[in-house]
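See structure below.
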Amino acid sequence: MSNFKIQVHDLMHKAGSMREADLVITLDEDLGVGLAKVAKGSDIDLDLRLESVHEGLYVSGGLKTKAEAECSRCLDPMTVPIRVDIQELFAYSLEVEDDLVIQDEQIDLEQVIVDSVVLNLPFTPICQTDCLGLCVECGAKLNEDPGHVHEAKIDSRWSELQKLVEESED
């Protein structure tokens, strides 16, 4: 049985019944790609409320986890807290292709969790709002040395005059 599945036989076809579930799911693979992801082996904490309704089971609550990321400006590693509210209806029968369905007296939260987490990962994570990033010429971290500067490059059109100045100095 997948660690995303929850047995719900006690709630099926009993409209008005309710159960709360606090679960911790350990990921078998990474969620997300790019600068931020929830790594394999990370835990997702679920605080759910399962309610039996006429059409099926209504699942509401929230999830918490932490994503590993790199700052998009300075490339320092960072941790991003992820908190997402969940509200889904698991139907007794499939009416629309996108419906979530109760199968074998259990609900599978995998797609709900994957979609919720991945859609809430930051596209361009930033370690702090005033992060200065990296120097475009040498790659130095500007947060560590905010006064970092380079000599201004000489326009290539003046390079022959620069050669004359250098020769006259010798």
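Quick look at the values:
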quantity: Residue-span extension gain [residue 20 to residue 5] - 0.36 nm each, minus C-alpha spacing; calculated: 3.9 nm
quantity: Two-site label geometry, residue 152 and residue 75: point separation in nm, points 7 Å out along Cα→Cβ; calculated: 2.9 nm
quantity: Total formal charge among the other residues, if their Cβ is under 12 angstrom from that of residue 47, Lys/Arg +1 and Asp/Glu -1; calculated: -1
quantity: Selection of chymotrypsin sites (Phe, Trp or Tyr not before Pro), the range 74-170, meeting DSSP coil and at most 16 other Cβ within 10 Å; calculated: 92, 123
quantity: Acute angle (nearest 10 degrees) that the helix 159-169 long axis makes with the longest principal axis of the chain, alpha-carbon atoms; calculated: 50 degrees
quantity: Cβ-defined net charge surrounding residue 66, 15 Å radius [Lys, Arg +1; Asp, Glu -1]; calculated: -1
quantity: Of all DSSP beta bridges in the chain, antiparallel share, percent nearest 5; calculated: 95 percent
quantity: Theoretical FRET efficiency, 1/(1+(r/R0)^6), r = Cβ-Cβ of residue 110 and residue 132, R0 41 Å, to 0.05; calculated: 0.55
quantity: Magnitude of the charge dipole, the chain, Cβ model with Lys/Arg +1 and Asp/Glu -1, debye to 20; calculated: 380 debye
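Readers should treat all values here as calculations from the given coordinates under stated rules, not as data from a laboratory. The structure displayed is predicted, hence computed values, not measured ones. Ideal geometry is used to build each Cβ from the backbone, glycine not excepted, and the neighbour counts take in all protein chains shown.
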